[in-house]
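Asks: Here's a structure for you.
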Amino acid sequence: MKTLARLMRELEDQLAVCMRCGMCQSVCPVFDQTGREADVARGKLALLSGLMTSMFDNPEGVYQRLNKCLLCGSCTANCPSGVGVQEIFLKARVILTGTMGLSPAKRLILKGILANPVLFDRLIEWGARLQKIFIRPVNDIVGTSCARIMSPLIRDRHFRTLAPVPFHRQVRSLDLPAGKSGLKVALFTGCLIDKIFPNIAHSTITVLGHADVGVYLPENQGCCGIPALSSGDLPTFQKLVAHNLKLFENGQFDVLVTACATCTSTIHEVWPKMADKRNREAAGRLARKTMDINRFLVKVARLHPLTDPKKGNARTVTYHDPCHLKKILNVFSEPRAVIHATPGCKLVEMAEPDWCCGMGGSFNLQHYDISKGIGRRKAARIIDTGADVLATGCPACMIQISDMLSQAGADIAVRHPVELFAASLDE
């Protein structure tokens, strides 16, 4: 209750900054689809102004409206008053969940599975072994499959499947010394890379080796915690933060890098603010050392373009700016620099490259029709470029965009920038 009371006081102070100017309307992807004032940041903030009353009168209604948000940060990035909308919504969800409690399903998933990394890994590994029974491939270029039997959860989705062998089984741990660069990084893998896109992790290690950068990779890494916090489950979030801090505090490294936009923004921005008192200082120290892999390669490791004309297959690449990279961490030129440095890659910009893809984690599960509408707009922009490859720095965006491109019948590969660069080293 003390934590909830503190969050409530902080929330009231932050809400006072909002001028209700409505600038958030023009950049909100959810409002663009629904046209409802209640779905835009200004409407939700007005609702929260009376949270103390609303929480007791209609807590479920308040919770449902707060969850109809992608947490993309578009409103925060464009707010003239500098209102930290994403942080406000996360705190409000924690307050409401602390009052109402989690649903049985969320309690099982978050507290029973996600909070226990070893159990989570084992369940996903079993899922990977059994998935072929229930799915069939639909687009080999995009790399998507669909369900053999329709279900309310999967619906008509075209999805990326679980990797046959997760990354943590392929590479349990590393402690490679720095090369000529004199630099050494810690690598935070992230759930989606570990369990769906292990090639991104392999590519990251390959490119770091090319740059003569050492790598520290501790085993038994857990989730960064943002799925739990987005659902209002602060204790599970804090448990995962503590688990990961313990793994990395013993390593000797200069920078912690991740190839996941969401993990990067969560560790850099959210951990120091929402970790418990015992771990807040350590979380702050690690946050200050945390960097997106593209930014590290370009700004710190000084990655040089590969100029060998014999290397690289000619391909046209367009780049999607993940919300958590551009709008929260201001990372947008560096991924493009990695693409420019890759032989054979011609970068063609799409219209609205930083418009949200519509994924939003659990938002995609709860509001798939809206998510799909936003995603179709993104897919159309990608297809219009005539590109062979869509590159982006966020595994969650890769899942959403793969779904939308596959449903549109487009034969466009979806890759991370480091995958493109690493592949050129092997060609």
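Asks: For the stretch 324-362, name all the residues that are under 17 Å from Ser402 (Cα atoms) and buried (at least 19 other Cβ atoms within 10 Å of the Cβ).
Replies: Of everything in the stretch 324-362, those that are under 17 Å from Ser402 (Cα atoms) and buried (at least 19 other Cβ atoms within 10 Å of the Cβ) turn out to be Met350, Trp355, Cys356, Cys357, Gly358, Met359, Gly360.
Asks: Do we find that Ala186 is more than 21 Å from Leu420 (Cα to Cα), in contact with a strand residue (DSSP E or B) (Cβ under 8 Å, 6 or more places away or on another chain) and among the small types (Gly, Ala, Ser) in this structure?
Replies: Against the criterion (more than 21 Å from Leu420 (Cα to Cα), in contact with a strand residue (DSSP E or B) (Cβ under 8 Å, 6 or more places away or on another chain) and among the small types (Gly, Ala, Ser)), Ala186 qualifies.
Asks: Which condition breaks for Leu187 when tested against (1) in a loop (DSSP other than H, G, I, E, B); (2) in contact (Cβ under 8 Å) with a residue 60 or more places away in the chain?
Replies: (1)
Asks: For Gly143, state whether it is modelled with pLDDT of 85 or more, out of contact with any helix residue (DSSP H, G or I) (no Cβ under 6 Å at 6 or more places or on another chain) and at positive phi.
Replies: yes
Asks: Which of the numbered conditions does Gly251 fail, given that it passes all the others? Conditions: (1) more than 22 Å from Thr392 (Cα to Cα); (2) at pLDDT 95 or above; (3) more than 20 Å from the chain's Cα centre (by Cα).
Replies: The number of the failed condition is (2).
Asks: Could you tell me whether the stretch 239-257 includes any residue that is β-branched (Val, Ile, Thr), within 30 Å of Ser74 (Cβ to Cβ) and part of a strand (DSSP E or B)?
Replies: Yes: one or more hits.
Asks: Quick check on this structure: which one of Lys239, Lys180 is among the basic types (Lys, Arg) and touching an Asp or Glu at 6+ places or on another chain (Cβ under 6 Å)?
Replies: Result of the check over Lys239, Lys180: Lys180.
Asks: Those residues that are buried (at least 18 other Cβ atoms within 10 Å of the Cβ), closer than 22 Å to Gly179 by Cα and charged (D, E, K, R), I need them from the stretch 255-300; list them, please.
Replies: Asp292, Arg295
Asks: Can you tell me how many residues within the stretch 138-162 are under 26 Å from Arg315 (Cβ atoms) and either in contact (Cβ under 8 Å) with a residue 40 or more places away in the chain or in the same structural domain as Leu405 (by TED's automatic domain parsing) (or both)?
Replies: Count: 9.
Asks: What tally of residues in the stretch 78-127 results from selecting those that are in contact (Cβ under 8 Å) with a residue 40 or more places away in the chain, in a helix (DSSP H, G or I) and in contact with a helix residue (DSSP H, G or I) (Cβ under 8 Å, 6 or more places away or on another chain)?
Replies: Qualifying residue count for the region: 24.
Asks: Answer yes if at least one residue in the stretch 97-118 is within 30 Å of Gly214 (Cβ to Cβ) and buried (at least 18 other Cβ atoms within 10 Å of the Cβ), and no otherwise.
Replies: Yes: one or more hits.
Asks: Going by the structure shown, is Leu71 within 25 Å of the chain's Cα centre (by Cα) and crowded, with 19+ Cβ neighbours inside 10 Å?
Replies: It is true that Leu71 is within 25 Å of the chain's Cα centre (by Cα) and crowded, with 19+ Cβ neighbours inside 10 Å.
Asks: Looking at the stretch 87-100, is at least one residue farther than 21 Å from Val241 by Cα and under 22 Å from the mean Cα position of the chain (by Cα)?
Replies: Within the stretch 87-100, none of the residues are farther than 21 Å from Val241 by Cα and under 22 Å from the mean Cα position of the chain (by Cα).
Asks: Tell me, yes or no, whether the stretch 258-268 has at least one residue that is among the small types (Gly, Ala, Ser), under 11 Å from Phe188 (Cβ atoms) and not in a helix (DSSP H, G or I).
Replies: Yes, that holds for at least one residue.
Asks: So, one more: Could you please let me know if Gly375 is without any contact (Cβ under 8 Å) to a residue 60 or more places away in the chain, in contact with a Cys (Cβ under 9 Å, 6 or more places away or on another chain) and of a type outside the set (Phe, Trp, Tyr)?
Replies: Yes; evaluated as a whole, the condition is true for this residue.
Asks: Taking the conditions exactly as written (outside the structural domain of Tyr368 (by TED's automatic domain parsing), among the acidic types (Asp, Glu) and assigned to a helix (DSSP H, G or I)), does Asp194 satisfy them or not?
Replies: Yes: the conditions hold for Asp194.
Asks: Shifting gears a bit: Can you find a residue that is among the charged types (D, E, K, R), more than 16 Å from Ala259 (Cα to Cα), part of a helix (DSSP H, G or I) and modelled with pLDDT of 95 or more anywhere in the stretch 403-426?
Replies: yes
Asks: Assuming Asn364 fulfils every condition listed in (1) in contact (Cβ under 8 Å) with a residue 40 or more places away in the chain; (2) under 21 Å from Ile200 (Cβ atoms) apart from one, which condition is it?
Replies: With (1) in contact (Cβ under 8 Å) with a residue 40 or more places away in the chain; (2) under 21 Å from Ile200 (Cβ atoms) applied to Asn364, the lone miss is (1).
Residue-by-condition table, conditions (1) touching a helix residue (DSSP H, G or I) at 6+ places or on another chain (Cβ under 8 Å); (2) closer than 24 Å to Arg93 by Cβ; (3) modelled with pLDDT under 95:
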site: His320; (1), (2), (3): yes, no, no
site: Cys323; (1), (2), (3): yes, yes, no
site: Phe332; (1), (2), (3): yes, no, no
site: Gly361; (1), (2), (3): yes, yes, yes
site: Leu365; (1), (2), (3): no, yes, yes
site: Ile374; (1), (2), (3): yes, yes, no
site: Ile383; (1), (2), (3): yes, no, no
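Asks: How do the helices (runs of 4 or more DSSP H) wholly within the stretch 282-379 filter down when requiring 1 or more residues that are closer than 20 Å to Phe188 by Cβ: which remain?
Replies: Here the list reads 323-329, 333-340.
Asks: Where the second residue is crowded, with 21+ Cβ neighbours inside 10 Å and among the acidic types (Asp, Glu) and the first is modelled with pLDDT of 95 or more and lies in the stretch 262-277, which pairs have Cβ atoms under 9 Å and are six or more apart or on separate chains?
Replies: Pairs that qualify, where the first residue is modelled with pLDDT of 95 or more and the partner is crowded, with 21+ Cβ neighbours inside 10 Å and among the acidic types (Asp, Glu), are Thr264/Asp292; Ser265/Asp292; His268/Asp292.
The values are calculated or read from the model by the stated rules, or taken from the named source; none is laboratory data. Just so you know, these numbers come straight off a predicted model, no measurement behind them. Positions of Cβ are generated from backbone atoms using ideal geometry, with glycine treated the same way; all protein chains shown enter the neighbour counts.
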